[in-house]
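Student: Can you read through this structure? Questions will come right after.
The values are calculated or read from the model by the stated rules, or taken from the named source; none is laboratory data. Since we're looking at a predicted model, the values are computed, not measured. Note that we place each Cβ from the backbone using ideal geometry, even for glycine, and neighbour counts take in every protein chain shown.
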Amino acid sequence: MTATRRGRPGGALALALWLSLPLVVASVSARAAPPSSAPALQLADKDGRIRTQLSSRNAVTISSELAARIATLALRDGDAFRPGQLLVAFDCELYQSQLRKAEAGIDAANALVQSNLRLVELNSIGKFEVQQAQARLKEAQAEAASQRSVVNRCSIAAPFGGRVARRHAAAHQYVTPGTPLLDILEGGTLEVQMIVPSKWLAWLKPGVAFTVEVEELGKSFPARVLRLGAQIDPVSQTLPVVGAIDGEHAALLPGMSGWAVYPQRQK
């Protein structure tokens, strides 16, 4: 299985621009921006709230590692799956035949080694012939291991529990190595992505509690800060922050947006 973790589009700067867009537009509409050689990026609204976006802890694209026909691909967009559940199975009759051939080669090479060892005891052949037979046995074992590795890729199991975000292929379709098959999202606790002013580092630490107001639902959910970014943007003087919603809520979905409210800052 080739599992590629998809980066969030545009990086930290793009996320910062998206999160601050409603505030920037509102500011421009209200009054003309004062002349400045490097205006600061406005992140918080008049109430001190920060734009946020919900995301899954892991967003992975499952791709094929084989050139083969898909035998089974039952899950569709939105379907849930368990850890270890079969996601994709390929028609691997050819690869399995090659594995059986390689394993038969091991048996033949091993028989030759045993025969040569008996002949050495009878002084019928020299040790060189035995060494050659042993080398051929190792070669056969390596070939079988290679073929076994290929056969092990004939099915793809879920690396975690979650849901299918998008299906790129279908059963009976012939695919080549690297062909995307499924986009999957890990279930469970959702992460909260946000960009905050770097001066908040004076009080913002992992574990700080805050509330997320989700616009799509019109509801608020408790959350906490998980980790702080490793680098401050020198131009905007901002820092990426990742939080987590407390508990699991079936109504929440990756991609939802809203506002982060920090009571500690409003005191």
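Student: Filter the stretch 176-213 down to the residues that are surrounded by fewer than 21 Cβ atoms within 10 Å (Cβ to Cβ) and of a type in the set (Val, Ile, Thr), then identify the one that is farthest from Val235 (Cα to Cα).
Tutor: Within the stretch 176-213, the match that is farthest from Val235 (Cα to Cα) is Thr176.
Student: Checking the conditions here, which among Pro234, Pro254 is out of contact with any Phe, Trp or Tyr (no Cβ under 7 Å at 6 or more places or on another chain) and loosely packed, with under 12 Cβ neighbours inside 10 Å?
Tutor: From the options Pro234, Pro254, the qualifying one is Pro234.
Student: Turning to a different aspect of this structure: With respect to the numbered conditions (1) surrounded by 15 or more Cβ atoms within 10 Å (Cβ to Cβ); (2) modelled with pLDDT of 95 or more, which one is the sole condition not fulfilled by Arg49?
Tutor: Going through the list (1) surrounded by 15 or more Cβ atoms within 10 Å (Cβ to Cβ); (2) modelled with pLDDT of 95 or more, Arg49 breaks only (2).
Student: Looking at the structure I just gave you, is Pro83 modelled with pLDDT of 95 or more and either under 25 Å from Ala244 (Cα atoms) or in a strand (DSSP E or B) (or both)?
Tutor: Judged against the criteria, Pro83 is a match.
Student: Quick check on the stretch 106-113. Is at least one of its residues touching a Cys at 6+ places or on another chain (Cβ under 6 Å) and either more than 28 Å from Ala142 (Cβ to Cβ) or surrounded by 12 or more Cβ atoms within 10 Å (Cβ to Cβ) (or both)?
Tutor: Scanning the stretch 106-113 turns up no residue that is touching a Cys at 6+ places or on another chain (Cβ under 6 Å) and either more than 28 Å from Ala142 (Cβ to Cβ) or surrounded by 12 or more Cβ atoms within 10 Å (Cβ to Cβ) (or both).
Student: Is there a residue in the stretch 61-74 that is under 34 Å from the mean Cα position of the chain (by Cα) and among the charged types (D, E, K, R)?
Tutor: yes
Student: Does Leu181 meet the test of being under 27 Å from Ala158 (Cβ atoms) and in contact with a Pro (Cβ under 7 Å, 6 or more places away or on another chain)? Step through it out loud before you land on a result.
Tutor: Numbers: under 27 Å from Ala158 (Cβ atoms): yes; in contact with a Pro (Cβ under 7 Å, 6 or more places away or on another chain): no.
Spelling it out, it is not the case that Leu181 is under 27 Å from Ala158 (Cβ atoms) and in contact with a Pro (Cβ under 7 Å, 6 or more places away or on another chain).
Student: If you go through the stretch 124-159, how many residues are at pLDDT below 95 and closer than 30 Å to Ser56 by Cα?
Tutor: Total meeting the criteria: 0.
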